[in-house]
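The values are calculated or read from the model by the stated rules, or taken from the named source; none is laboratory data. The structure presented is a predicted model; accordingly, all values stated were derived computationally and were not measured. Cβ placement follows ideal geometry from the backbone for every residue including glycine, while neighbour counts extend to all protein chains displayed.
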Amino acid sequence: MISEALAQGDSMIHRLDPCVRVVCAFGVSFALALSEQFGVLGLYLVFALVLVALASLGAGPVLKRLKPVLLFVLMIWVILPFTHEGEPLLRLGPLTMTRPGVELCLRITIKSVSILMVFIALLATMTVATLGQALHRLRVPDKLVFLLLMTYRYIAVIQEEYQRLLRAARFRGFVPGTNLHSYRTYAYLAGMLFVRASLRAQRVHNAMLCRGFNGTFRSLDSPLSNRLNPVFMTGVSALTLVLVVTELLWK
Amino acid sequence: MHISEGVLSGPVMMAGAALAVAGTAVGLKKIDYDRIVHVAILSSAFFVASLIHVNLGPSSVHLILNGVVGLLLGWAAFPAIVVALFLQAVFFQYGGITALGVNAVIMALPAVICYYLFSPFLNKGKKTVFAASFLAGAGSVFFSCLVLGFALYLTEKSFFEVSLLVVTANLPVMIIEGIVTGFCVTFFHKVYPEILPRPRGRSNP
């Protein structure tokens, strides 16, 4: 169900320090989300494409991951141009496409696709374990990092429990439909997941206490030293700064 | 149910992020290190349960169950939901970084509200428990839709139709969530009541 296939590569981006990647992804995403001018947004789109290329990810896996957002974009193109008020652009029978509506859709499309490409290029190219350690070094609260890593660790286990419960239900002839019986069955399945999760948590916690867990978060990773780190950081910051200034001066 | 990247205006995005940080901070403060493993593994269960699809006529919808998480964890549901949403973003690209704050508020705030509204009824008779948890399940989806619609409306007045569409399209989801949450909590009552929050008055983690 969960694959971290993109994290396996060995590109320039993969070899960078995870902290550098997290900081860059954060900065670029927010700068992008706050831009409005089409010229600047176009440049961001190119920027995002360059980052994806630098991570040497194939078009196939990237498109697959963009599928949810592409569906969303399709949905807004069907609704917004026709419901937005403003200067009409095109009449299709009883419907009128308005210029501000189309502009809004175009802006949202470029922004959402570019932000997700930046996310895929910089963050999806590392495992959550690495990401957690990077967040820890960036002073994200210990408890939050701990929650993130523990949740990540147990998702696969709980997923397996769910498959087991579902298989057992199917063996007993469960065929899902739109009826109360099906909803009740799913409710009991989900309930059992929570019950088992809670019981498992007690065992895990006891085992951790036996091994001397005292609440401190330890991380064994040592940051990769790579001469590209400062270069990449400076390059991305400078480019983002130029784009932000252009955006501000455009008006 | 979430808002995609690139939709929200700057002020709405920032307000969402600020609220999410505040809620997460309160939640983290309420979790001590004896409970943190419990919260983390329930958060994994929430992640997996939200991938369960149930039939709805010819189509299907996925469960949300933020009501159940709220009833089980109280304020701790906030960081648990934030973490699960972040992992969804990493694994499936359901959203990215900039909308995470608003999406966290959409999911987690109703969960906490439902905890305060309905958890006092969880140690009553069977029918009361079912009714309270039905309302918690349906109510948290309803509140989520309201917050989502409100965030869209604040961004752009012309999103009003979209917001209305979101609420109406989610009416069947509210009913399903209510039924599933109702059965789920009565199930806890039968097989493992310790998982439910203890009555108020005694210390409530």
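Structure summary
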{"read-out": "Identity of the residue in the stretch A:175-195, touching a strand residue (DSSP E or B) at 6+ places or on another chain (Cβ under 7 Å) and small (Gly, Ala, Ser), that ends up farthest from residue B:191 (Cα to Cα)", "value": "A:177"}
{"read-out": "Pick from the stretch A:169-182, criterion part of a helix (DSSP H, G or I) and either exposed (fewer than 12 other Cβ atoms within 10 Å of the Cβ) or in contact with a helix residue (DSSP H, G or I) (Cβ under 7 Å, 6 or more places away or on another chain) (or both), ranking: nearest to the other protein chains (Cβ to nearest Cβ)", "value": "A:180"}
{"read-out": "Long-range neighbours under 8 Å by Cβ, at least six apart or interchain, first residue outside the structural domain of residue A:192 (by TED's automatic domain parsing) and modelled with pLDDT of 95 or more within the stretch A:166-182, second surrounded by 10 or more Cβ atoms within 10 Å (Cβ to Cβ) and of a type in the set (S, T, N, Q)", "value": "none"}
{"read-out": "Where residue A:120 falls short, out of the listed (1) free of Cβ contacts under 8 Å to residues at least 24 places away in the same chain; (2) touching a Pro at 6+ places or on another chain (Cβ under 9 Å); (3) in a helix (DSSP H, G or I)", "value": "(1)"}
{"read-out": "Identity of the residue in the stretch A:1-33, out of contact with any Ser or Thr (no Cβ under 7 Å at 6 or more places or on another chain) and part of a loop (DSSP other than H, G, I, E, B), that ends up farthest from residue B:8 (Cα to Cα)", "value": "A:10"}
{"read-out": "Test: residue in the stretch A:47-65 that is within 14 Å of chain B (Cβ to nearest Cβ), surrounded by 17 or more Cβ atoms within 10 Å (Cβ to Cβ), assigned to a loop (DSSP other than H, G, I, E, B) and at pLDDT 90 or above", "value": "no"}
{"read-out": "The stretch B:35-63 - residue that is without any contact (Cβ under 8 Å) to a residue 40 or more places away in the chain, out of contact with any His (no Cβ under 7 Å at 6 or more places or on another chain) and surrounded by fewer than 17 Cβ atoms within 10 Å (Cβ to Cβ) and, of those, nearest to the other protein chains (Cβ to nearest Cβ)", "value": "B:57"}
{"read-out": "Residue identified as of a type in the set (A, V, I, L, M, F, W, C), closer than 30 Å to residue A:220 by Cβ, in contact with a Ser or Thr (Cβ under 9 Å, 6 or more places away or on another chain) and outside the structural domain of residue A:45 (by TED's automatic domain parsing) among A:134, A:156", "value": "A:156"}
{"read-out": "Index of the failed condition, residue A:72 passing every other in (1) over 30 Å from residue A:7 (Cα atoms); (2) buried (at least 17 other Cβ atoms within 10 Å of the Cβ); (3) at pLDDT below 90", "value": "(1)"}
{"read-out": "Meets criteria (part of a helix (DSSP H, G or I), of a type outside the set (S, T, N, Q) and either under 30 Å from residue B:130 (Cβ atoms) or touching a residue at least 12 places away in the same chain (Cβ under 8 Å) (or both)) for residue A:156", "value": "yes"}
{"read-out": "Residue under evaluation residue A:144, criteria (1) out of contact with any Phe, Trp or Tyr (no Cβ under 9 Å at 6 or more places or on another chain); (2) at the interface with chain B (Cβ under 9 Å from one of its Cβ atoms); (3) in contact (Cβ under 8 Å) with a residue 40 or more places away in the chain; (4) farther than 30 Å from residue B:169 by Cα, criterion not met", "value": "(3)"}
{"read-out": "Total residues in the stretch A:1-24, condition modelled with pLDDT under 90, over 18 Å from residue A:53 (Cα atoms) and of a type in the set (A, V, I, L, M)", "value": "2"}
{"read-out": "Among the candidates A:42, A:58, residue that is more than 14 Å from residue A:113 (Cβ to Cβ) and out of contact with any Lys or Arg (no Cβ under 9 Å at 6 or more places or on another chain)", "value": "A:58"}
{"read-out": "Conditions (1) more than 8 Å from chain A (Cβ to nearest Cβ); (2) surrounded by fewer than 24 Cβ atoms within 10 Å (Cβ to Cβ): number failed by residue B:106", "value": "(2)"}
{"read-out": "Among the residues listed as B:191, B:162, B:166, the single one being in contact with a Ser or Thr (Cβ under 8 Å, 6 or more places away or on another chain) and among the β-branched types (Val, Ile, Thr)", "value": "B:162"}
{"read-out": "The lone exception for residue B:24 - which of (1) farther than 24 Å from residue A:66 by Cα; (2) out of contact with any helix residue (DSSP H, G or I) (no Cβ under 9 Å at 6 or more places or on another chain) it fails", "value": "(2)"}
{"read-out": "Any hit, the stretch B:94-107, residues being assigned to a helix (DSSP H, G or I), in contact (Cβ under 8 Å) with a residue 12 or more places away in the chain and aromatic (Phe, Trp, Tyr)", "value": "no"}
{"read-out": "Pick from the stretch B:177-195, criterion touching a residue at least 40 places away in the same chain (Cβ under 8 Å), touching a Phe, Trp or Tyr at 6+ places or on another chain (Cβ under 6 Å) and within 8 Å of another protein chain (Cβ to nearest Cβ), ranking: surrounded by the fewest Cβ atoms within 10 Å (Cβ to Cβ)", "value": "B:195"}
{"read-out": "Contacts under 6 angstrom Cβ, first residue in the stretch A:201-218 being facing another protein chain (nearest Cβ under 9 Å), partner of a type in the set (Ser, Thr, Tyr), 6 or more apart", "value": "A:215/B:33"}
